[in-house]
Amino acid sequence: MAGDWIRTVTAQTPTNIAVIKYWGKRDENLILPVNDSISVTLDPAHLCTTTTVAVSPGFDQDRMWLNGKEISLSGGRYQNCLREIRARAAEVEDKERGIKIAKDDWQKLHVHIASYNNFPTAAGLASSAAGFACLVFALAKLMNAKEDHSQLSAIARQGSGSACRSLYGGFVKWIMGKEENGSDSLAVQLVDEKHWDDLVIIIAVVSSRQKETSSTTGMRDTVETSLLLQHRAKEVVPKRVVKMEDAIQKHDFASFAQLTCADSNQFHAVCLDTCPPIFYMNDTSHRIISCVEKWNRSEETPQVAYTFDAGPNAVLIARNRKTAALLLQRLLYFFPPSSDTDMSSYVLGDKSILKDAGIQGINDVEALPPPPEIKDNVPPPRNRGEVSYFICTRPGRGPVLLSDESLALLDPSTGLPK
Ligand code: ADP
Ligand code: DP6
């Protein structure tokens with residue numbers, strides 16, 4: 001270890017949304033859950049984190065920049081991830097650049113980390129999941145840790161529970177594990193993103209003024225006060241996980257939708273059973289549920305599943321592209337943008353769904369008829385401005401390394417943000 005070299009690694013990691021929810025810890029520090037959970041990874045083209053990590057003998061402390069602003073790494077969750085990866089670091093040799101780092105050197109060397117989320121941070125879109133997964137994945141590559149994705153997921157879990165599921169694409173299960181030290185509480189891939197690739201996901205980012213209770217605080221209160229949570233974790237989720245795995249394997253959308261909606265609703269019921277009660281969904285969330293329920297009931301078989309995390313945003317999973325276009329028409333009927341919004345900033349992500357829905361501009365939205373399943377004589381109200389925007393996406397792949405130097409967030413000559 002000599003000279004003033006800088007070695008960097010850049011990675012990109014997706015976010016994920018649970019269809020069987022994690023809610024409640026049996027160990028707060030190690031982040032061990034009270035039940036298994038299952039998620040779908042979202043396409044990183046629309047929602048992802050990019051993180052560059054760098055090491056140099058010239059760095060005198062660990063530092064991190066999130067979305068361009070320096071943040072403190074002193075929190076327990078960052079420290080746990082850094083310590084666990086450092087403990088697994090191995091020798092690195094880059095003969096071309098004359099860099100040699102021995103295993104023990106990693107305990108003395110400091111790292112710089114720069115991370116960027118291509119979607120809003122701390123807005124209920126699981127930036128913490130993509131963020132901690134990307135941090136652990138990038139550090140593991142930098143430090144040449146030999147751990148596989150499942151072993152890395154057990155480290156990402158200590159940053160944020162849901163982060164462990166972002167180490168894989170497709171559908172992913174977080175096995176709660178039994179060991180006290182958490183070594184068997186990790187994520188495994190159920191199927192990759194190609195297995196069920198006709199699914200389309202539309203996220204409704206719901207305008208919300210109120211400050212929500214964080215997942216961490218909320219689930220702590222639930223564990224301390226809700227009897228319903230104990231019933232859910234012991235009796236309901238274990239059976240649901242088996243059925244959900246089966247539905248995913250068989251592309252059985254009807255069962256998938258029924259289980260996804262039921263689990264989201266039970267998670268929110270558990271929040272209501274908490275003392276003091278926690279309200280994550282708002283009136284707009286309820287209106288979205290009612291729109292989907294009415295439509296599903298008017299069809300022979302469900303067309304769309306809905307799920308809500310610790311906030312009012314709806315994640316809607318449509319059976320296929322055709323259904324997604326019909327869903328978007330319904331959503332735009334009930335939740336048109338305020339008149340001065342242009343459609344390209346109202347529907348983000350995969351815009352081809354907007355085209356399939358026959359919407360080119362705001363005039364097409366204004367002209368949409370009420371959905372046929374609404375049998376009232378009076379047209380139902382249109383709730384202008386209640387949704388901030390929609391994101392159209394699909395199931396996506398797991399973490400990747402980015403070798404293109406131009407995508408790195410740290411300058412390779414200074415180790416500081418570009
Ligand atoms: P969200 O709903 O977006 O997950 P949270 O409030 O639960 O919001 O988590 C936000 C926190 O997650 C941030 O304050 C930060 O600590 C962490 N986080 C977000 N993005 C990243 C990132 N790219 N890298 C590392 N940590 C991140
Ligand atoms: C409702 O993973 O954010 O999104 O482990 O305390 O960081 P911590 O909590 P977090 O909780 C996620 C809760 C959820 C459901 C889920 O993702 O399974």
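The values are calculated or read from the model by the stated rules, or taken from the named source; none is laboratory data. These figures come from a predicted structure and were not determined experimentally. Because the Cβ atoms are built from the backbone with ideal geometry, glycine has one as well, and the counts that use them run over all protein chains shown. For the accessible areas, the whole protein counts, side chains as well, though only heavy atoms, and no ligand, DNA or RNA atoms are used. Shrake-Rupley method; radii C 1.70, N 1.55, O 1.52, S 1.80 Å.
The figures follow:
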read-out: In the range 295-361, trypsin sites (Lys or Arg not before Pro) in a DSSP loop with at most 13 other beta-carbon atoms within 10 Å; value: Lys351
read-out: Rounded accessible area per residue of the range 1-125, 1.4 Å, Å²; value: 41 Å²
read-out: Loop GluC sites (Glu not before Pro), the range 338-405, which have at most 15 other Cβ atoms in a 10 Å radius of their Cβ (DSSP); value: Glu373
read-out: Distance between the range 73-91 and the range 98-143 - C-alpha centres, whole angstrom; value: 10 Å
read-out: DSSP-assigned coil residues among GluC sites (Glu not before Pro) in the range 60-167, each with at most 11 further Cβ atoms within 10 Å; value: Glu96
read-out: Counted charge near Ile38, where neighbours are those whose Cβ lies closer than 10 Å (Asp, Glu -1; Lys, Arg +1); value: +1
read-out: Helix-only mean residue ellipticity at 222 nm for the chain, each DSSP H run of n ≥ 4 adding -39500 (n - 2.57), per residue, nearest 500; value: -9500 deg cm²/dmol
read-out: Part-to-part distance (alpha-carbon centres) for the range 358-399 and the range 178-228, which is given in Å; value: 26 Å
read-out: Dipole in debye (nearest 20) - the chain, about Cα centre, beta carbon charges: Lys, Arg +1; Asp, Glu -1; value: 260 debye
read-out: Rounded percent of accessible protein surface that carbon and sulfur make up, the chain, 1.4 Å probe; value: 50 percent
read-out: Over the range 74-205, relative contact order from alpha-carbon pairs under 8 Å, at least 6 apart, %; value: 21 percent
